[in-house]
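Read-outs throughout are calculated quantities, based only on the coordinates presented, and are distinct from any laboratory measurement. None of these values were measured; they are calculated from a predicted model. Methodologically, a virtual Cβ is constructed for each residue, glycine included, from the backbone with ideal geometry; neighbour enumeration extends over all protein chains shown.
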Amino acid sequence: MLTAAEATKAILAAVNTLESETVSLAAATGRVLAQSVKAERDQPPFDRVMMDGIAIAYAEFADGNRSFQIQSTQAAGDPAQTLKPAHAIEIMTGASLPAGADCIIPVERITVNESGAHVEANYATSEQQFVHAAGSDHKKDTELLQPGTRISPMDIAIIASCGLANVSVSKQPRISVISTGNELIAAGEAIAAHQIRLSNGPAIVAMLEENGYADATHEHLVDEPELLRERIAQHLQHADVLILSGGVSMGRADYVPQVLHDLGVEVTFHKISQRPGKPMWFGMGPDGQAVFALPGNPVSTLVCARQYVIPALRHMSGMAAAAPQFASLTTEVTFKPQLTNFLPVKLISNAAGNVLAMPVHTNTSGDFASLSGTDGYVELALEQSDFKTGTTVPLHRWRM
Ligand code: AMP
Ligand code: MG
C-alpha cells in the first residue's frame with residue numbers, strides 16, 4: 001500500500017500536460033499562463049513626473065532662485081517640452097519630464113500670480129525630486145510573469161502593461177464527475193427512508209470550480225456493471241479527467257475498479273495508507289485520461305479530491321507545486337493506526353502571527369456536516385501517534 005506522499009508522486013508522474021490555447025485578456029483571469037510575459041518597454045518608459053506642480057532646473061533653485069516665469073503647461077500625455085532658463089513649466093502627474101528640467105515642486109508649495117510661480121519660504125528640495133526615473137522599475141524584456149502562473153488581477157495589469165491583448169494559457173481540462181451508488185437520490189427528488197441524499201457529485205464540482213476548474217459535468221450512476229461500463233466508456237471519450245466517487249471498496253457492489261480495468265484504464269495504485277480515504281484508486285486511461293476513483297464517504301471524497309485531484313490538475317496546467325504550509329495544533333491529538341491522518345481543522349491566528357489549527361471532530365468519514373466552516377485539514381504523520389498541543393504540522397487548505 002502506498003503512503004500519501006508516494007501516491008501524490010505516482011499521480012504527478014503519470015498525468016499529462018494539457019495543451020495551450022490563446023484567450024483574450026478579458027477572459028484570462030484565473031487561467032494558467034502557458035507563456036512568459038516580458039516587459040514591452042522600460043518602466044517607466046520616460047522620466048515620469050510624480051506630482052502636480054512645476055518643473056524647474058534644480059541648479060537654478062540651488063543658486064537661490066525662488067521665482068520662475070511660467071513658460072507653459074504640460075499635461076500627462078503631452079510630448080515633453082523644453083524648459084527655458086529661469087522658467088518653470090506647469091506640470092501634471094504622469095507627464096514626461098521636460099528637457100532641461102530635473103526637479104518637481106508640488107503645487108501645494110507654490111503661489112502663482114502675474115509675475116510667475118513663487119516657491120514658499122524655507123522650502124528645501126533636491127535634484128530629481130518627484131521624478132520617477134525611466135527604467136527604474138524594470139527594463140525592456142525583463143520577464144515579469146513565468147509560464148505556470150495562475151493569472152490574478154495584478155497579473156492582468158502586468159499583461160496589459162506589456163501591450164498583450166491576448167495570452168497563451170493552458171487549456172481547461174474537461175472533467176467528468178461520476179458518482180455511483182444505488183442508495184443515492186439527488187436534491188429535488190422524492191426520497192425514501194432507506195435512501196441517502198447525493199452530495200459528493202455537487203461538492204466535487206464545487207471544489208473544482210473554487211480551484212479554477214470550471215469545465216466539469218456531473219452524472220450519477222447506479223451500481224450496475226453494464227451501465228457503469230457503457231457510461232464510463234462515454235466519459236473516457238470526452239474527458240481529460242474522470243473523477244468517480246463510490247464503489248471502490250471491498251463490497252459486492254463495488255464494481256468500479258473492475259469496470260475501469262475492462263475499459264483499458266490501467267491501475268497505478270489502489271489504496272493509500274491514510275484515513276480518511278484509504279480505498280482510493282487511481283489509473284490512466286488508454287488515451288492518457290487521468291482517472292481518479294474516490295471512496296464514497298463524503299469526508300473521504302472531499303479530502304481525496306483536495307489532496308490528490310486538485311494538485312494533479314494544477315500539475316497538468318503547468319503550475320509548480322504549491323509551497324508547503326504549516327499550522328500548530330491547538331489541542332493534543334492521538335491517532336493510533338499506522339496511517340496518515342488527514343484531520344479537518346478551523347484556522348485562527350494569534351497576536352504573534354502564528355497560524356493555529358483547531359481540529360474538528362468528524363463522527364465518521366461520512367460526517368460531512370462537521371466540515372462546514374473548516375479551512376482545510378492537517379496532515380498527521382503515519383509514523384507518529386501522539387501529537388502534543390503546539391506541534392507544527394503540514395496544513396492543506398481546501399482552496400489552494
Ligand atoms: P461507497 O464508497 O460507495 O462504499 O460509499 C461509502 C458511503 O458513502 C456510503 O454510505 C454511501 O452511501 C456514501 N456515499 C457514496 N457516494 C455518495 C454521494 N455521492 N453522496 C453522498 N454520500 C455518498
Ligand atoms: Mg457505493
For the chain, calculate the relative contact order in percent as a whole number, restricting contacts to Cα pairs under 8 Å that are 6 or more residues apart. 16 percent
Tell me, what is the Rg over Rh of region 312-385, with Rh the Kirkwood radius over Cα pairs? 1.02
Taking every alpha carbon pair in region 179-328 and sorting the distances into 5 angstrom bins from 0 up to the bin holding the longest one, the percent per bin comes out as 2, 9, 19, 22, 23, 14, 6, 4, 1, 0
In the Gaussian network model of the chain, springs joining C-alpha atoms below 10 Å, which of Asn354, Asn182, Asn113 carries the largest mean-square fluctuation? Asn113
Note on region 247-400: contact order normalised by length, alpha-carbon pairs under 8 Å, 6 or more apart, percent, works out to 21 percent
What number comes out for the charge environment of Ser300, summing +1 per Lys or Arg and -1 per Asp or Glu over other residues with Cβ under 9 Å away? +2
In whole angstrom, how long is each semi-axis of the equivalent ellipsoid of region 6-90, when you take the square root of 5 times every eigenvalue of its Cα gyration tensor and sort them from largest down? 55, 16, 10
Based on alpha-carbon positions alone, could you give the equivalent ellipsoid semi-axes of region 104-202 from the gyration tensor, as √(5λ), descending, whole Å? 64, 23, 11
Theoretical gain in end-to-end length, Glu189 to Ala5 [0.36 nm per residue, Cα-Cα removed]: 62.2 nm
Taking every pair of Cα atoms in region 261-400, average 1/r, invert it to obtain the Kirkwood radius, and report Rg/Rh to two decimals. 1.00
For the chain, take every pair of Cα atoms, bin their distances at 10 Å starting from 0, and report each bin as a whole percent. 4, 18, 20, 17, 12, 9, 9, 7, 3, 0
Work out how much length Asn166 to Glu127 would gain on full extension: take 0.36 nm times their residue separation and subtract the Cα-Cα distance, in nm to one decimal. 10.0 nm
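Which of the three applies to region 258-332, rounded, prolate or oblate, going by the alpha-carbon gyration tensor with a ≥ b ≥ c and a/c under 1.5 meaning rounded?
oblate
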Describe numerically, in nm with one decimal, the distance between label points set 7 Å from Cα along Cα→Cβ at Ser152 and at Arg109. 3.4 nm
What percent of all Cα-Cα pairs in region 353-400 falls into each 5 Å bin, going from 0 up to the bin containing the maximum distance? 4, 16, 25, 27, 19, 7, 1
Region 206-274, Rg to Rh (Cα coordinates; Rh as Kirkwood inverse mean 1/r): 0.97
Partner lysines whose C-alpha sits under 16 Å from that of Lys388, ignoring same-chain residues fewer than 8 away, are Lys336
Sorted from largest down, what three extents in whole angstroms do the Cα atoms of region 35-187 have along their principal axes? 91, 36, 24
Under a Gaussian network model of the chain whose springs join Cα atoms within less than 10 Å, the largest fluctuation of Gly247, Gly283, Gly390 belongs to Gly390
Calculated FRET value between Glu383 and Leu347, using beta carbons and R₀ = 22 Å, to 0.05: 0.30
What distance in nm lies between label points placed 7 Å from Cα along the C-beta direction at Asn16 and Ser273? 3.3 nm
Could I have the simple spin-label model distance between Arg397 and Arg252, label points 7 Å from Cα toward Cβ, reported in nm to one decimal? 4.7 nm
I need the semi-axes of the equivalent ellipsoid of region 1-53: take the C-alpha gyration tensor, multiply each eigenvalue by 5, square-root it, list largest first in whole angstrom. 44, 17, 11
Quote the relative contact order of region 220-266 in percent (integer), defining contacts as alpha-carbon pairs under 8 Å separated by 6+ residues. 40 percent
